[in-house]
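Laboratory data are not the source of any read-out in this text; all were calculated from the coordinates shown. It should be emphasised that the depicted structure is a prediction, and the values quoted were computed from it without experimental measurement. Every residue, glycine among them, receives a Cβ derived from its backbone with ideal geometry; neighbour counts consider all protein chains shown.
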Amino acid sequence: MNIEFVAGRLATAARSLSEATRLFGAPIGRKYLQRLAVIRSVDKFTDLYGHRSLRFHPLRGDRAGQFAMTLTGNYRLIVEMIEEDTVRILGVEDYHGD
């Protein structure tokens with residue numbers, strides 16, 4: 001699957017573990033790269049539902065059309081489908097944060 005990034009810093013973090021660690025810290029940076037590898041490995045968007053460990057799910061309310069997958073603890077990766085074979089990375093967030 002193809003990946004687009006909404007922000008340059010997210011694309012930069014996708015290049016290497018050192019960049020991801022610089023942006024997110026070690027545990028989250030490592031998971032960020034792992035999740036991107038899983039996304040790249042599937043053929044179409046709906047295949048992400050087949051990976052139970054991702055805890056991939058649609059968001060609701062004002063976030064309708066966006067999807068989340070768990071990184072670590074409270075952190076999740078937010079994505080949206082552009083086409084069946086293209087995902088846009090919107091961000092990494094702590095969903096229990098203020």
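What does the charge dipole of the chain about its Cα centre add up to, to the nearest 20 debye, if the Cβ of each Lys and Arg holds +1 and the Cβ of each Asp and Glu holds -1?
Here the size comes out at about 380 debye.
If the chain between Glu84 and Ser18 were fully stretched, how many nm would it gain, using 0.36 nm times the residue separation less the Cα-Cα distance?
Going from the current span to full extension adds 20.7 nm.
Using a cut-off of 15 Å between beta-carbons, work out the net charge of the residues near Leu23 (Lys and Arg +1, Asp and Glu -1, Leu23 not included).
+3
Return a whole-number percent for the relative contact order of segment 1-78, with Cα pairs under 8 Å and 6 or more residues apart as the contact set.
21
Which distance in nm do the two modelled labels at Arg30 and Asn2 give, with both placed 7 Å along the Cα-to-Cβ direction?
Roughly 3.3 nm, to one decimal.
At what distance in angstrom do the alpha carbon centres of segment 56-98 and segment 32-46 lie from each other?
13
Taking +1 at the Cβ of each Lys and Arg and -1 at the Cβ of each Asp and Glu, which of Phe45, Ala26, Phe56 sits farthest along the dipole of the chain towards its positive end, judged by Cα position relative to the Cα centre?
Towards the positive end, the residue furthest out is Ala26.
Say R0 is 22 Å: what FRET efficiency, to the nearest 0.05, do Thr72 and His51 get from their beta-carbon distance?
With R0 = 22 Å, the Cβ-Cβ based efficiency is 0.85.
Run lengths n ≥ 4 of DSSP H only: what is the helix-derived mean residue ellipticity at 222 nm for the chain, with -39500 (n - 2.57) per run over all residues, to the nearest 500?
Computed ellipticity for the chain at 222 nm equals -9000 deg cm²/dmol.
If each residue of separation counts as 0.36 nm, what is the full-extension length gain between Arg40 and Arg9 once their alpha-carbon separation is subtracted?
Value of the extension gain: 9.3 nm.
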